[in-house]
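What follows is calculated from the coordinates using simple rules that are stated; it is not laboratory data. Please read these numbers as outputs of a predicted model, since none were measured by experiment. In this analysis, Cβ positions are derived from the backbone assuming ideal geometry, glycine residues included, and neighbour counts consider all displayed protein chains.
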Amino acid sequence: MKSVRLVKILCALVLHVELSMEVSVLNARAGEGTIFEGSDCYMIEAVPVDVNNSLCIFSVSNNEGHLDTITFTIEGNSNEADIFEFQYKEPPSETDVIKIIYLVLKEDQVLDYDTTNSYKFDVEVEGSVDKVPITVKVYKAPEFTSIPAFVDTDEEKAISFKIATEVGSGYPNDDVDVVIESIVSPTINHINNNTLRVTLPPIDREVQDNFYMDVIASYRGSMYGETRRQVPVMIYDVDDNIPEIKYDHEDTLDFTISQNGSSVLVTDFSVSDPDEDRNAAYTLTLIVPANVQPGFELSSLDGSGDTSFNITLNPQKLDYSKSVWGRFQLQVHVEGILNATQTNNLFIVISLNEADDSGSGCMRTTEVTLFLLLIQCWWYFM
Ligand SMILES: [Ca+2]
Ligand SMILES: [Ca+2]
């Protein structure tokens, strides 16, 4: 019996020690001296209320550490405890003695910025003597009351439109700034305190035919609370470019042809008009002296945009009975289809020197030397 009694005493002793240890651990976790600091704060629509963006920032500290186990209890008259919670960016370790903590929205919670101006509640922090009262003011972001869904214009014409704003509910003053981020710099004139006239400068469609303009309204002096709209800008084409002739070859070409030979390439070139559709269409005319005219031929008499062409010489079509061809000029005349004042010319100076054909029988050779001269007659669109 003595031994049974001794075992019971020993068991009770062990249980007492374990309980004592547990109590001492709890005391360490919830030890007094926790300090929770911060102030009333605000939340603005369009600023996410998460741990990376929340404007409600507090500090919690305890010289004995154990911040990792401290609990925060929100007590409010409404459902604040269901809406808000406190989060660290990085969980504290057992030895951290001070840490920044953020008031954030619980998962799937959203704030009602239209009807709620503030939330008031107490926070009970484990280890802190007093509950801490917190007021969170809720401001609606500035609103656009007038802003175009899109803007468009012909190129080289300025674009002008109005933007009007108003402050959101609850915000204490009416100072709204509007900033426009765009690839072009707008001019902004104030019609009144809340209404702006924005003018975009003329834009070359061939450089940029569409883009988005970010219009941002924010409370003056605050880096927060912005409302952002994207406004598409469309620039329409105007026939403001003449067809440009591009030529890559050497300036001079020498080659020999035979009277009965096949066609040879004289030269190739390209024409480029960066306008759109019919504004980029053009015709080509090859102007050649009558005595050699049949022998020279353009690959095509019209084109659009960026198109390649060539000029060939068919010796079989040359009239060998007519005099000495000598030195003459070919001219490629390019002309806009919609606007005949848009012209460009490629001049090719050719020297056809009849070669000695003695002893050649039916073969006759002619030496052709080409000098190419590119002259562009620019036409400016008014
Ligand atoms: Ca054109
Ligand atoms: Ca154009």
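Using the Cβ-Cβ distance between S61 and R220 with R0 set to 41 Å, the FRET efficiency works out to roughly 0.70. Listed values for region 76-90 are Karplus-derived 3J(HN,Hα) couplings in whole Hz (6.51 cos²θ - 1.76 cosθ + 1.60, θ = phi - 60°), namely x, 6, 9, 9, 4, 5, 7, 8, 10, 8, 9, 9, 8, 5, 10, and x replaces Gly and Pro.
Maximal additional length on extending the T341-E156 stretch stands at 64.7 nm, based on 0.36 nm per residue less the C-alpha distance. The ranking of S272, S300, S185, S128 by Cβ neighbour count inside 10 Å, starting from the fewest, reads S185, S300, S272, S128. Taken along its principal axes, the alpha carbon cloud of region 53-168 reaches lengths of 71, 32, 21 Å, longest axis first. Hull volume per residue, based on the alpha-carbon atoms of region 103-174 and their convex hull, is 171 Å³. Database remark: amide H of I242 closer than 5 angstrom to the amide H of W379 (H placed geometrically; neighbours at sequence offset of 5 or more, or on other chains; Pro and chain starts carry no H). Simple rule: put +1 on each Lys or Arg Cβ and -1 on each Asp or Glu Cβ in region 143-236, find the dipole, and look at I159, T199, T145; the Cα lying farthest toward the positive end is T145.
Note on D130 and I191: with the Förster distance fixed at 56 Å, the Cβ-Cβ geometry gives a FRET efficiency of about 0.60.
Given R0 = 25 Å, the distance between the Cβ atoms of E206 and L301 translates into a calculated FRET efficiency of 0.45. Taken over region 122-230, the percentage of Cα pairs per 10 Å bin, counting from 0 up to the bin with the maximum distance, is 13, 36, 22, 13, 8, 5, 3, 0. Amide H contacts under 5 Å for M213: V231, V233, restricted to partners 5 or more places along the chain or on a different chain, H placed in the peptide plane at 1.01 Å from N. Dipole check for region 143-236: with +1 at the C-beta of Lys and Arg, -1 at the C-beta of Asp and Glu, and the Cα centre as origin, the magnitude is about 240 Debye.
Any idea how far the Cα center of region 279-294 sits from the one of region 142-208, in Å? Computed from Cα coordinates, the inter-centre distance equals 51 Å. Quarter the surface of the alpha carbon convex hull of region 28-104 and you get the mean projected area, 5.4 square nanometres.
Taking amide H atoms as placed 1.01 Å from N in the peptide plane, the amide H of I159 lies under 5 Å from those of L200, each 5 or more residues away in sequence or on another chain. Take the Kirkwood radius over Cα pairs of region 120-161, plug it into Stokes-Einstein at 10 °C and 1.306 mPa s, and you get 100 µm²/s for translational diffusion. Maximal additional length on extending the Y247-K120 stretch stands at 38.0 nm, based on 0.36 nm per residue less the C-alpha distance.
When the Cα convex hull of region 73-125 is projected onto planes of every orientation, the mean area is 4.6 nm².
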